[in-house]
Amino acid sequence: MAPLEVILLALALSADAFSVAAVVGVTACEPRQRFRLSFHFGLFQCLMPILGALLGHFLLVYVQAFDHWIAFGLLAGIGLKMVIEALRREKQAACRPGDPTRGWSLVGLSLATSIDAFGAGVGMAMVLSLPWLLLSASVIGITCGAITYAGMRTGALIQRLVGRKIEILGGLVLIGLGIRMLWI
């Protein structure tokens, strides 16, 4: 793979992370939250191609048939949780939202946005030597971290412009992304 191909792959793998980060950025706009989500999305995007390369040939046979269902379940579940929390907050203005950049939500979102990187790692292992695979995975992780940060900033800007109803829309977008995973 040429360096330009690695960068294009990194940008393509980061597209879902940008969308999810924009949704999360609507409610999570503290600098620590931006760092936490960007770091974890980048870390997972870096590790999944390596894991895909190491385990891919063995696991691909077992996981390929339902990997889209895993991504769907994670994204739809977290999106539904966001919609429910947003609707509850409308009824109870004093209620604080949960932090999607912590705990199992963070792990679930990180996994859901990096499952495609696992598949990319399987393919990369066929054409790259180990040093180039590790370098490519690092480029993918760093790119994803930066794209995630940009997505969170975009979500925060949209929230300021549109208001609190955007949280419901954001949850619906995550559910939609999950449903889209069923056709990929």
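Some notes on this structure:
- Stretching ARG102 away from LEU4 to a fully extended chain increases their span by 31.9 nm, per 0.36 nm per residue minus the current alpha-carbon distance.
- Rounded to whole Å, sorted largest first: equivalent-ellipsoid semi-axes of the chain, Cα gyration tensor: 31, 17, 12
- GNM result for the chain, Cα springs below 10 Å: residue of ARG88, ARG34, ARG153 fluctuating most strongly: ARG88
- Mean Kyte hydropathy of -1.0 or more with a Cα span along the axis of at least 24 Å, helices from DSSP in the chain: 31-63, 67-91, 103-127, 130-162, 165-181
- The distance between label points at TRP69 and LEU135 comes to 4.0 nm (points 7 Å beyond Cα on the Cα→Cβ vector).
- Taking label positions 7 Å along the Cα-Cβ direction at both ARG32 and VAL162, the computed distance is 2.8 nm, reported to one decimal.
- Max mean-square fluctuation residue, GNM over the chain, Cα-Cα springs under 10 Å, options ALA117, ALA125, ALA22: ALA125
- Furthest towards positive pole of dipole, ALA120, PRO131, MET82, structure part the chain, Cβ charges: MET82
- Assigned charges on the beta-carbon of Lys, Arg, Asp, Glu; the stretch 3-181 dipole about Cα centre (debye): 780
- Estimated from helices alone, the mean residue ellipticity of the chain at 222 nm is -29000 deg cm²/dmol (sum of -39500 (n - 2.57) over DSSP H runs with n ≥ 4, per residue).
- Here the Gaussian network model covers the chain, with springs between Cα atoms less than 10 Å apart; of GLU167, GLU85, GLU30, GLU30 fluctuates the most.
No value in this document is a laboratory result; all are computed from the given coordinates. In this text, all values refer to a predicted model and were calculated from it rather than measured experimentally. No Cβ is skipped: glycine too gets one built from the backbone with ideal geometry, and neighbour counts run over all protein chains shown.
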